[in-house]
Amino acid sequence: MPEFSSGLALGLLIIPVLASLIIIHELGHFFAARSVGVKVEEFGIGIPPRARGWRRNGVLWSLNWIPFGGFVRVKGEDGADMSDDSMNSKGPGQRAFFLAAGSAMNFLAAIVLSIVIVTFQGVPDTSSNVYIANVEESSPAEGANWLPGDAIHAVDGEVIADSEQLQSAIGSHAGQEVSVTIRRGDELIETSLIPRLDPPPRQGATGISMVQGTRSILKITEVAPGTAAADAGWQSGDEIIAVNGIELEAEAQARSLFLEGAGDAVAVTLERDGQTLETSVAMPQPAVTLTQVLTDSPASDALLYPGDEIVRIDGEAVTDGDSFGNLLAAAGGTSATLEIVREGRALELLLVVPELGEDDSAIDLIGVNGRVENPYEALGTDGIVARTFNPVSFGQIIPEGWGQFWFMTSGTFEGLRTMVTEGVDPDQIMGPVGMGQLTSESLSSSATPAWYTLLFIATVISVGLGVLNLLPLPALDGGRLLFVLIEVLRGGRRISPEKEGLVHLAGMVVLLGLMFVIAFGDVSRLVDGRSIFP
């Protein structure tokens, strides 16, 4: 119950965010109408029927029962009134200015918010590094004293940006000695090795497996009682800053180091309330669990079922997806003894592994899919990952703020294009209830400051409101702008306000129906306990 109450409280924070953005939008219409000499009759928050209203300076200020959006009702909007202070008496340019002003205010608000975020938080660090995940015994990498968690900085003086570049650089020096610069924490270490021309199967020329990751911070949450994390004294909100003495700069490092230490004690340095804590956690062996077993396959013939946890193959421990595949491949063309756990019971099964071709996957050939328990699950906690941020110089604040705004705006248009070309994914559409769930989940699972998360959500929603209202659909500002454009194209001959009003009324009915469908989907997601995030 306390967890539900906390989630609800966080979700309700979306109410002032949405209310502020709606008011900003409608103030754009309000001041635009005043600037072109049009009388504003009502400024409404929500959609009628009206709950309460106040009249001040000739304007009715209203709160309405349907909590979706808002409106500014101006004189002449719904009829043929042609008086001087009526919208109908104004030219197409003035009417277009009034209609576009709401979205313009939302875009302006998003720009201001982006600048505020850049000023106080900086910009996300997008730099990516290649990290060593595992070093095979008796490999060139082991001989060069490479360690899990090391970043590969350069090969033969060429700075490495991604794993493809690394593979190409190592491959071009196969059989020849090559210098490789390793970064361990803040220290650059010069090493040399000879990449193998004919390495053992699935080991690669240097004998490492690698991961690529962007700079990030890692926090933990929801430490379950009786787990390894709880026994180590970890608490929700702790930040993991080093594993086995290796200072972390990316979550990818932590994952590799934890997996490397599976079955042993792992030294973990935490930061809690500004204090550094040294802990030791007994790292369990992450489980490899089958998620699918194909019918009429070697796996189904061996009586394997979804949910089975694969523990050993021919006496060798299955520690991750690579070891699972490698041990199966080693048994290709023979029968392998599988030790599994099914619903808490240990079982032993015999699996006939087909002969593998050069490009065959043993896992595919036996007819299964599976998932590897991530190290945080095995420890009894969740890992919350967030990007790190770089500070921005004073002179770059506005350009960087504009860049962040434009990135969100272009992404929104790209999302609309995808919906048109590839169809609409109902799970990607949400109304106010869904936005509340998004806010709650984001705040409870973010390693960044709460103010940043709220302002980021507000910026995204503000951009979305600006773009959505410009779509050429009846009842939206973009639909009304379309009628203004038609008028211009017809040489000033306007479609009668009565006919236009009927079109927008029909559009409003459809729009309200769509809103209720979206709200139903949002509530269903909450009732089913499904997360916003995949």
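Mean projected area of the convex hull spanned by the Cα atoms of the chain, taken over all viewing directions: 32.8 nm². In the chain, taking the dipole from charged Cβ atoms about the Cα centre, the farthest positive-side position among 328, 234, 21 is held by 21.
Dipole check for the chain: with +1 at the C-beta of Lys and Arg, -1 at the C-beta of Asp and Glu, and the Cα centre as origin, the magnitude is about 4060 Debye. Local charge for residue 336 was computed over the other residues whose Cβ lies under 12 Å away, with Lys and Arg +1 and Asp and Glu -1, and equals -3.
Per residue, the chain reaches -13000 deg cm²/dmol at 222 nm when only DSSP H runs of four or more residues are counted, each adding -39500 (n - 2.57). Along the axis of the charge dipole computed for the chain (Cβ charges of +1 for Lys and Arg, -1 for Asp and Glu, origin at the Cα centre), the listed residues 304, 293, 438 are led at the positive end by 438. Each of 419, 283 was scored by other Cβ atoms within 10 Å of its Cβ. Listed from fewest to most, they are 419, 283.
Here the extension length gained between residue 295 and residue 349 equals 17.7 nm, from 0.36 nm per residue of separation less the Cα-Cα distance. Counting other Cβ atoms within 10 Å as a rough exposure proxy, the listed residues 483, 405, 98, 520 run 520, 483, 405, 98 from fewest neighbours to most. Of the residues 450, 277, 175, the one whose Cα sits farthest towards the positive end of the charge dipole of the chain is 450 (charges of +1 on Lys and Arg Cβ, -1 on Asp and Glu Cβ, taken about the Cα centre). Annotation for residue 127 and residue 212: the two label points, set 7 Å from Cα along the Cα-Cβ direction, are 1.7 nm apart. Among 258, 516, sorting on how many other beta-carbon atoms sit within 10 Å of each Cβ, with the fewest leading, yields 516, 258. The residues neighbouring residue 169, those whose beta-carbon lies less than 13 Å from its own, together hold a net charge of -4 under the Lys/Arg +1, Asp/Glu -1 convention. The residues neighbouring residue 286, those whose beta-carbon lies less than 9 Å from its own, together hold a net charge of -3 under the Lys/Arg +1, Asp/Glu -1 convention. Annotation: peptides 38-46, 261-269, 488-496, ranked by per-residue average of other Cβ atoms within 10 Å with the highest first, follow the order 38-46, 261-269, 488-496.
For region 418-534, the Cβ-based charge dipole about the Cα centre amounts to some 420 debye (Lys, Arg positive; Asp, Glu negative; other atoms uncharged).
Bear in mind these aren't lab numbers, they're just calculated from the coordinates by the rules spelled out. Just so it is clear, the structure is predicted and the values come from calculations on it, not from any experiment. Neighbour counts run over all protein chains shown; Cβ positions are idealised from the backbone, glycine included.
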